[in-house]
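Accompanying notes for the structure given below.
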Amino acid sequence: MEVILIQYVDNLGAANEVVNVKNGYARNYLIPRKLAVENNGSNKKQLEERLKQARKKEAAMLAEINSVIAKLKEGPLKLGAKTGTSGKIFGSVTTLQLSRAIREQKGYEIDRKKIHISDEIKELGTYKATIDFGSGHATEVDFEVVAE
């Protein structure tokens, strides 16, 4: 029996996937637990509509990610840090500080967990950080650490 999965099922498949299973498994387990529906004409149309909506939503999200990336590439961020006389920073620059700088200077809220700084920053200068938006979309951001 062919069924359309509504959500992920271990060892069977992901949501919105058409799979072939035994009749008893479908009627006694998948359908009563709302994990799947029978593959018929109306359910196929619903599946196509869900996939169409998902593609539309993903296209809108991709356009938003591209606009954020373009805005971040416009110019380097400036991070202020307290320094000693030799130009060394008291402490180090963290992803939280970088996230706040992006929010204040560029107007976008980016979670600090998505930001990755390759090495520890303890001196003034220009550095790069990587922001991972998920789904294989990542960008490098230039930022400059200046004395307060």
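Data overview
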item: Folded to 0 to 90 degrees: helix 41-73 orientation relative to the chain principal axis, Cα; result: 10 degrees
item: The stretch 36-119: GluC sites (Glu not before Pro) in DSSP loop, at most 11 other beta carbons within 10 Å; result: Glu74, Glu109
item: Among Ala101, Gly84, Leu51 the positive-end extreme of the charge dipole of the chain (Cβ point charges); result: Leu51
item: Listed residues Asn39, Asn11, Asn20, most fluctuating in the chain (Gaussian network, C-alpha, under 10 Å); result: Asn11
item: Theoretical gain in end-to-end length, Val18 to Glu123 [0.36 nm per residue, Cα-Cα removed]; result: 32.2 nm
item: With Cα atoms, 0 to 90° folded angle of helix 95-105 axis to the chain main axis; result: 80 degrees
item: Full-stretch length increase - Thr85, Thr139 - with 0.36 nm per residue and alpha-carbon distance subtracted; result: 16.1 nm
item: Lys, Arg +1 and Asp, Glu -1 on Cβ, resulting dipole of the chain about Cα centre, debye, nearest 20; result: 480 debye
item: 10 Å Cβ shell holding at most 14 others, DSSP loop, chymotrypsin sites (Phe, Trp or Tyr not before Pro): longest site-free stretch of the chain; result: 9-107
item: Backbone HN-Hα couplings from phi across the stretch 112-122 [Karplus 6.51/-1.76/1.60, Hz, Gly and Pro as x]; result: 5, 6, 8, 9, 10, 9, 5, 9, 5, 9, 10
item: The stretch 22-107 - charge dipole about Cα centre, Lys and Arg +1 at Cβ, Asp and Glu -1, debye rounded to 20; result: 180 debye
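Throughout, read-outs are computed from the coordinates displayed, never taken from laboratory work. What you are looking at is a predicted structure, and each value in this text was computed from that prediction instead of being measured. Here the Cβ is made from the backbone with ideal geometry for all residues, glycine too, and neighbour counts use every protein chain on show.
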